[in-house]
Amino acid sequence: MNRRPEHPTAREEQILRCIRRWIEERGEGPSARQLADDIGLSSTASVAYHLGNLEERGALVRDWRTCRLVR
């Protein structure tokens, strides 16, 4: 049974901070590759996993290239 925590994990909080910073600095959210590079992950699949969790919780919305924060 895969039980996701109700609240974002430390890594997901890090991802949300990174997305906020990108939006403030560039006016749009980063791609999965840009997120992975920025937070030190080698795999975009890991980023996609965390983004999926955050999307399920309603913290963000993803489109074909980037994401935007909801809250």
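Normalised per residue, the accessible area of the chain is 66 Å², obtained with a 1.4 Å probe and no contribution from ligands, DNA or RNA. When the P(r) is computed for the chain, the part past 20 Å accounts for 20% of the Cα-Cα pairs. For Asp63, the accessible area of its heavy atoms, probed at 1.4 Å with every protein chain present, is near 90 square angstrom. When all protein chains stay in place and ligands, DNA and RNA are ignored, the 1.4 Å accessible-area order of Trp22, Trp64, largest first, is Trp64, Trp22.
Within the accessible area of the chain, the carbon and sulfur atoms contribute 47%, probe 1.4 Å, all protein chains present.
When the Gaussian network model of the chain links Cα atoms closer than 10 Å, the mean-square fluctuations of Arg11, Arg57, Arg26 top out at Arg26. Taking every C-alpha pair closer than 8 Å and separated by at least 6 residues, the mean separation divided by the residue count of the chain gives a relative contact order of 29 percent.
A simple rule links phi to the HN-Hα coupling: the Karplus curve 6.51 cos²θ - 1.76 cosθ + 1.60 with θ = phi - 60°, which for region 63-70 gives 10, 5, 10, 9, 9, 10, 7, 9 Hz, with x for Gly and Pro.
Near Cys18: Cβ cut-off under 15 Å, other residues only, Lys/Arg at +1 and Asp/Glu at -1. The net charge is +1.
Can you compute the helix-only [θ] at 222 nm over the chain? Use -39500 (n - 2.57) per DSSP H run of at least 4 residues, normalise by all residues, nearest 500 deg cm²/dmol. When only DSSP H runs of four or more count, the value is -17000 deg cm²/dmol.
The charge dipole of the chain, taken about its Cα centre with unit charges on the Cβ of Lys, Arg, Asp and Glu (plus for the first two, minus for the last two), comes to roughly 100 debye.
The values are calculated or read from the model by the stated rules, or taken from the named source; none is laboratory data. Source: prediction; values computed, not measured. Positions of Cβ are generated from backbone atoms using ideal geometry, with glycine treated the same way; all protein chains shown enter the neighbour counts. The protein model used for the area step is the full one, side chains on, heavy atoms only, and it has no ligands, DNA or RNA in it. Shrake-Rupley method; radii C 1.70, N 1.55, O 1.52, S 1.80 Å.
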